[in-house]
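Accompanying notes for the structure given below.
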Amino acid sequence: MKAATYSAAELMVVAGSREIADRDVVFVGMRLPLLAFALANRMHAPSAVGLFENGVIRDRPSESLLYTMGDPPNIEGASMCCSMATVMGLLQKGEVDLGFIGGAEVDRFGNINTSYARGAAPDFVKLPGSGGAADIASLAKRFVVIIDHNSRRLVERVAYVTSPGNGDGSGWRERQGLPRGGPSAIITTMAVMRFDSDGEAFVATVHPGASDDDIRANTGWPVRFAPDRVTTPAPTEEELRVIREIDPTAFWTS
Amino acid sequence: MREAISRFVGDGDSVAMGLALEALIPFAAGHEIIRARRRDLTLVGPISDILFDQLIGAGCVSRVIAAWIGNVSAGLGYNYRRAAENGLPHALEIVDHSNFTISLGLTAGALGVPYMPTRTLLGSDIAREGSTFAGGTSPFGGEQLLYVPAIVPDVTVLHVQRASDDGGAHAWGNLGVSAEAALAAKRVIVVAEEIVERSVITSDPNRVLVPPFRVSAVVHEPGGAHPSSVQGSHGRDHAFYGEYHAATKTAAGSDEWLARWVRGVEGRAEYLDLLGSQRWRSLAVRGSALAAPVNYSAT
C-alpha cells in the first residue's frame, strides 16, 4: 500500500485538530487553526464550539475556506454574531478551554513574540503585534502554538513577550496574577512539544521524516526529549480528504 | 465623502476605523483622508488590515493605538515596518495593545469612566512599565489587575450596510468593537452601502448600531469597503490583499500604488471603474439568506 503524501502544514493541521476534544470551547485563530478547528469538528469533536475574536460563535464550521474570520461564509449560519467584548468576556471568565496562537518566536517556556523581533533594521523588525493572541495566552485554560521549526523561531528567550507562556518557569503565571492557563503544546514542522512541571518545553513526538538531530539543530536551546517519545501519527487518508475538501487549492497548507 | 472628511477629520485628530475587524473596513473614507492630506493623525483600531498601512505610507499618521497592523491574509504591512523601523515617511509612535484592551479602552470611553480593569496581559511586555497601562489591585479582594485607560477617539468611522439620512444605521455580521467605538468617539461618520428611509431603520431598532443623535455625517458610498467584505452585499477581494502586499514591498512601490488607487482617482466611483466592472461584479453576493421577520407591534 502506498503511503499517503502530505505537506508539513497538513500534518500541523492534523496535530492541531487532535488537541481539540469534543465539547471544547475553542478560541480559533487565523490560518492553520481555522482548518484545525474545521477538521476536528468533522472528525472527532462534533460538539466543539468555535469563538472568533471579531465576534462570531459557531457550533459548526463554515463549509467554505476562510481567508479571514470575518469572511461572509463565517457569518452565514453562525450560532451568534456579537461584539468582541462578548467573546473576550467569555475568555476572561474562564469559559474557553483552548486557544490557538501562531507566532514569529516562541521560547523554551512557551512565551511568544509577535511584536518586535531582533533583526535587520537598526534595532528590531516590527511585527504586526498581538491581535487577540496575548488575550488567549493570558486567559484560556490552555493554549497551543503553531510555528515553523527553525532556530530563529524557537529561541532560548524571546526578545519581547507579547503573549505570556510560562514566563521563566513554574509559578511565574500565578505571580503575575494570571488567573489560569498556559501553553499545553507547541506544534512545529518537525515535532510536537509539551511542557514539564517546570514549565519548560520538551519534545513529545517527532514528525515522520524528522530526526532528533534535525530538531536539536533547529532549536535555539538545548532541548530535551521525552524518553518515551514516539513518532507523531501521520494524517489518515480521511483527515487529508477533509482538509483538501476545505482547502482545495492548498492556500493555507502548501 | 469629501465634505464629511473635510468637516469632521482634522489634522492631529485620533481616528478609529476597522472596528468590525476584517469586514466593513471604511477604505473609501481612509482614501479621502489621504487625498485631503491630513497629517499627524492617531489611528485607533484592533486589527486594521491594510487600511492603516496605506494611511501610514501616505504620511498621514504620527501615532497608532492598535493591537495588530499588517495584512491579514498576506502577512506583514511594509509601510508600517518602514515607519516603525526607519521612520519613513516619518516617525511613528506605537501604543501597543491587544484586541481585548482596545475593546476595554473604547468601552471605558463609551461608559465615561477613566479606565476598565482586566486580567489580560498580566506578565506581557505589552503591559510593562512605560506602557499605556497601569497595574492595580481589586478593592474587593486584592486580586492583581491591569487598568486600561479610556480611549476617546475624535472621530469614529463605520461602514454599514444601510443607513437613513438622520443617522440611523443598521449593520450585521461580526461587529467587533464598532458599537463601543461609536459611543466613545466625539464624532461619528457613518458610511453606508445603501441609503434607506427612516422607517426601514425604525422597523428594526435592535439592529441599530449607534444612537442616531450621535452621528455627525452619513455618507452614501457603495463599494466603499472594498477590498473588505460587506455581509449580504459583496465578498472579500482576497487577491487584492496579495497584490497590495507585492506592490508595496518598496517605498517607491507603495507611492506608485497610492498614486494609482488613491491619489489618481477622484473618489470611490472612479476607484471601482479602475478595479473593473467584471472584477467588482464577481464579488457581488448573489444568494439570499434572509433573516426571519420579527414583530415589534405594540398593539
Say whether the condition of being of a type outside the set (D, E, K, R), modelled with pLDDT of 95 or more and under 25 Å from A:ASN41 (Cα atoms) is met by at least one residue in the stretch A:148-167.
no
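Could you list all residues from the stretch B:111-166 that are charged (D, E, K, R) and over 17 Å from B:THR101 (Cα atoms)? Before you say what the answer is, go through the steps one by one.
Taking the stretch B:111-166 and keeping what is charged (D, E, K, R), we get B:119, B:125, B:128-129, B:143, B:154, B:162, B:165-166.
Passing the criteria: B:GLU143, B:ASP154, B:ARG162, B:ASP165, B:ASP166.
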Working carefully through the options B:ALA239, B:ALA247, find the one that is touching a Gly at 6+ places or on another chain (Cβ under 8 Å) and surrounded by fewer than 19 Cβ atoms within 10 Å (Cβ to Cβ).
B:ALA247
Being at pLDDT below 95 and either in a strand (DSSP E or B) or under 20 Å from the mean Cα position of the chain (by Cα) (or both) is the requirement here; does A:PHE251 meet it?
yes
Unmet requirement for A:VAL14, which otherwise passes all of (1) at pLDDT 95 or above; (2) of a type in the set (A, V, I, L, M, F, W, C); (3) out of contact with any Ser or Thr (no Cβ under 9 Å at 6 or more places or on another chain):
(3)
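Evaluate the stretch A:228-244: report whether one residue or more is within 20 Å of A:LEU65 (Cα to Cα), among the hydroxyl-bearing types (Ser, Thr, Tyr) and loosely packed, with under 14 Cβ neighbours inside 10 Å.
no
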So if I check each of B:SER131, B:SER138, B:SER233, which one is closer than 25 Å to A:GLY55 by Cα, of a type in the set (Gly, Ala, Ser) and surrounded by fewer than 21 Cβ atoms within 10 Å (Cβ to Cβ)?
B:SER233
Just one of B:LEU51, B:LEU41 is assigned by TED's automatic domain parsing to the domain that holds B:SER254, farther than 26 Å from A:GLY103 by Cβ and buried (at least 20 other Cβ atoms within 10 Å of the Cβ); which is it?
B:LEU41
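Per-residue answers, yes or no, for (1) within 16 Å of the chain's Cα centre (by Cα); (2) at the interface with chain B (Cβ under 10 Å from one of its Cβ atoms); (3) not polar (S, T, N, Q):
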| residue | (1), (2), (3) |
| --- | --- |
| A:LEU34 | yes, no, yes |
| A:ARG42 | no, no, yes |
| A:ASP59 | no, no, yes |
| A:LEU65 | no, yes, yes |
| A:THR86 | no, yes, no |
| A:GLY89 | no, yes, yes |
| A:VAL96 | yes, no, yes |
| A:PHE109 | yes, no, yes |
| A:ASN113 | yes, yes, no |
Just one of (1) part of a loop (DSSP other than H, G, I, E, B); (2) touching a Leu at 6+ places or on another chain (Cβ under 8 Å) trips up B:VAL188, so point out which.
(1)
Restricting the stretch B:161-215 to residues that are crowded, with 19+ Cβ neighbours inside 10 Å and of a type in the set (S, T, N, Q), the residue that is modelled with the lowest pLDDT
B:ASN174
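How about the stretch B:1-119: which helices (runs of 4 or more DSSP H) wholly inside it have at least 1 residues that are at the interface with chain A (Cβ under 10 Å from one of its Cβ atoms) and over 18 Å from the mean Cα position of the chain (by Cα)?
Working: elements: B:2-8, B:27-35, B:50-57, B:78-86, B:99-111.
Fully inside the stretch B:1-119 and qualifying: B:78-86.
The values are calculated or read from the model by the stated rules, or taken from the named source; none is laboratory data. Small disclaimer: the values here were computed from a predicted structure and weren't measured. Every residue, glycine among them, receives a Cβ derived from its backbone with ideal geometry; neighbour counts consider all protein chains shown.
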